[in-house]
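See below for the structure under consideration.
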Amino acid sequence: MDNDTASTGDGRYHVSTPGILSIPSSIATESTVLSPRAKQTYFKEHKVQIPDTEKKGFSFRVLWAFTGPGFLMSIAYLDPGNIESDLQSGTVAHYKLLWVLLSATILGLVMQRLAARLGVVTGLHLAEMCYRQYQKVPRIILWLMVEVAIIGSDMQEVIGTAIAIFLLSNRVIPLWGGVLITVVDTFTFLLLDKYGLRKLEFLFAFLITVMAVTFGYEYVVASPDQGQVLKGMFFPWCDHCTGTVLLQAVGIIGAVIMPHNLYLHSALVKSRDVDRTKTEKVREANYYFFIESCVALFCSFIINVFVVAVFAFGLFEKTNGQVYDMCIENNSTFSYVFETQDRTEFVDADLFKGGVFLGCAFGAAAMYIWGVGILAAGQSSTMTGTYAGQFAMEGFLNLQWSRWKRVLFTRTIAVVPTFFVAFYLDINNLTGMNDLLNAVMSLQLPFATIPTIAFTSNPQIMGEFVNGLANKIASITLSVVVIAINTFFVVHSVIYDIPHEWGIWLALAVFVVFYLFMCTYFVLHMIVSMGNTRLNEYQFVSKYIKCPEATDFGLSTQNFSSSISTFTIQEDVLGTWNKK
């Protein structure tokens with residue numbers, strides 16, 4: 001595909017490519033080009049170069065150049081919230097929900113692939129695309145929804161890290177102290193990206209390796225029934241499962257597929273220097289990023305299986321009294337954790353109790369090794385969560401703050417509530433909060449999946465890389481399933497968990513109406529993006545939903561000049577063009 005770019009002599013450019021929509025030089029003014037934003041855009045100055053190889057077919061050398069973003073993305077599948085959901089799954093349902101974990105990981109891969117393709121093809125990440133495609137009010141609401149998901153995830157990550165520090169310090173450092181240490185560590189590690197992107201990616205690879213070794217150690221020591229593990233993984237059924245097990249399955253979906261992770265992944269792929277003027281280079285990038293994502297999520301899935309299987313073997317249908325006797329027998333200094341619990345009730349597991357159990361069952365080394373694994377999970381996911389927050393602010397608000405200001409702001413809005421939770425709540429009362437945070441993130445999922453599907457299904461944005469029928473069906477089905485699960489969760493919470501007071505019910509009714517309205521809004525936008533023209537005949541759709549669609553996101557317009565790698569079409573210019 002040949003690309004013709006010509007200057008008009010007054011700072012304007014005309015770009016045309018056969019088969020790709022382009023912008024006439026009459027409106028391709030300098031206002032259509034985003035000036036280089038060194039303060040704002042990550043990966044702009046130091047992108048990883050992709051080697052040119054004469055070898056046709058698969059190349060490990062090229063795969064190595066693309067390796068990195070997928071593993072950073074996969075860390076969200078290994079954060080402390082996921083680990084806690086895993087151990088609760090094993091404790092409550094034995095091995096019966098491993099197939100749900102596998103299904104959720106595969107569905108997550110489907111959406112991560114779409115998010116990565118959006119970043120590769122357009123050179124813009126998901127939040128930046130939302131800024132260009134949605135009108136102001138829904139865009140701000142969408143940003144707030146994403147921030148809620150980021151804050152919820154960050155609270156799990158920071159508290160998980162604080163619990164790990166509490167265990168490793170033998171109760172010397174309190175939870176709130178661990179929260180403060182986590183904040184300092186995050187800023188310290190984020191400074192490493194000044195020393196090169198690859199070094200930062202190696203750090204994350206090291207932390208994933210630590211998780212694999214530590215949780216793998218627990219798996220080997222516990223030695224669960226391998227046949228039961230395989231059966232739970234590939235036999236999609238759940239005999240004699242109670243409502244508690246069903247809710248746990250819902251929690252797995254909310255814990256594994258995180259909304260902010262789609263925004264993160266679409267931005268991380270921009271770290272590779274892909275020549276978007278060449279179709280074959282974009283296709284190559286999509287191909288290798290998909291392979292890398294498959295490998296990364298496979299590794300994360302295996303680590304999650306380790307955790308589920310260990311606690312399915314050790315804590316399934318175990319009472320507090322049984323674990324307490326085990327702790328006394330092994331002279332554990334943490335036996336008090338189970339002493340105050342009802343001895344006849346089954347263990348209500350969490351990260352802290354899980355670590356104490358491992359120490360009582362397999363020796364103190366198992367508890368400390370568990371703490372190291374949780375520490376690695378918390379530190380790595382906290383750092384990637386910080387990146388996600390900055391990408392969201394950068395894209396949705398088009399902020400041009402310096403990096404340290406954005407780090408400070410995004411960390412503050414997440415850490416302040418976390419600090420107060422850790423300061424005022426007892427460590428034994430955090431399990432219910434983890435379930436609540438998983439539910440909150442599950443509720444935000446449509447606000448990541450629907451925009452991703454909409455943009456990647458829009459031929460004006462993706463050109464020849466637009467979603468095919470299979471991708472559309474798979475991704476839309478996922479969104480429908482997620483919304484259905486959310487509906488079930490809300491109904492269950494209303495019936496069983498929420499006090500029957502009129503004020504609470506009124507607030508809940510308002511939230512439900514607002515939530516369904518916003519989901520409907522974004523679904524209508526998605527349908528329009530897919531090419532449905534009949535909806536435009538309705539005044540509401542044409543006025544409030546049908547935003548000006550940029551025609552510059554295909555391959556033809558990614559490099560106006562060698563010095564400009566990122567740009568946008570301003571909404572007012574696009575509005576003028578669409579009217580014409």
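The values are calculated or read from the model by the stated rules, or taken from the named source; none is laboratory data. Keep in mind the model is a prediction, meaning the values are calculated, not measured. Positions of Cβ are generated from backbone atoms using ideal geometry, with glycine treated the same way; all protein chains shown enter the neighbour counts. When the accessible area is computed, the model is the full protein with side chains, heavy atoms only, and any ligands, DNA or RNA have been set aside. Shrake-Rupley method; radii C 1.70, N 1.55, O 1.52, S 1.80 Å.
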Around Y95: net Lys/Arg minus Asp/Glu count, Cβ-Cβ under 14 Å: -2
Cross-link pairs beyond the 22 Å C-alpha cut-off, checked among K96/K318; K136/K472; K136/K543; K55/K194: K136/K472; K55/K194
Cα-Cα pairs of segment 83-144 separated by more than 16 Å (percent): 64 percent
Nearest-0.05 FRET efficiency for T209 and K405, computed from C-beta distance (R0 35 Å): 0.60
Value of Rg to Rh for segment 61-449 (Rh from inverse mean 1/r over Cα pairs, i.e. Kirkwood): 0.97
Fraction of accessible area attributable to carbon and sulfur, segment 61-449 (%, probe 1.4 Å): 67 percent
About the Cα centre, charge dipole magnitude for segment 61-449 (Lys/Arg +1, Asp/Glu -1 at Cβ), debye: 1740 debye
Largest-first principal axis extents, alpha carbons of segment 325-382, Å: 37, 21, 14
Solvent exposure, largest accessible area first (probe 1.4 Å, DNA, RNA and ligands not counted), of K543, K353, K278, K56: K56, K543, K278, K353
Label-point gap, in nm, between F58 and M530 - each point 7 angstrom along Cα→Cβ: 3.3 nm
Label-point gap, in nm, between S223 and F187 - each point 7 angstrom along Cα→Cβ: 4.9 nm
Computed E for Y424/Y336 - FRET, C-beta separation, R0 30 angstrom, nearest 0.05: 0.90
Under Karplus coefficients 6.51, -1.76 and 1.60, residue-wise ³J(HN,Hα) of segment 105-113 in Hz, glycine/proline x: 5, 5, 5, x, 4, 4, 6, 5, 4
Segment 382-409 residues near the modelled L144 label - backbone nitrogen below 15 Å, point 7 Å along Cα→Cβ: 397
Radius 11 Å from Cβ of A116, net charge of other residues (Lys, Arg +1; Asp, Glu -1): +3
Relative packing of 439-449, 463-473, 243-253, which averages over residues the other C-beta atoms within 10 Å, highest first: 439-449, 243-253, 463-473
Contour excess over end-to-end distance, with Cα ends at D273 and V480 and 0.36 nm allotted per residue: 71.0 nm
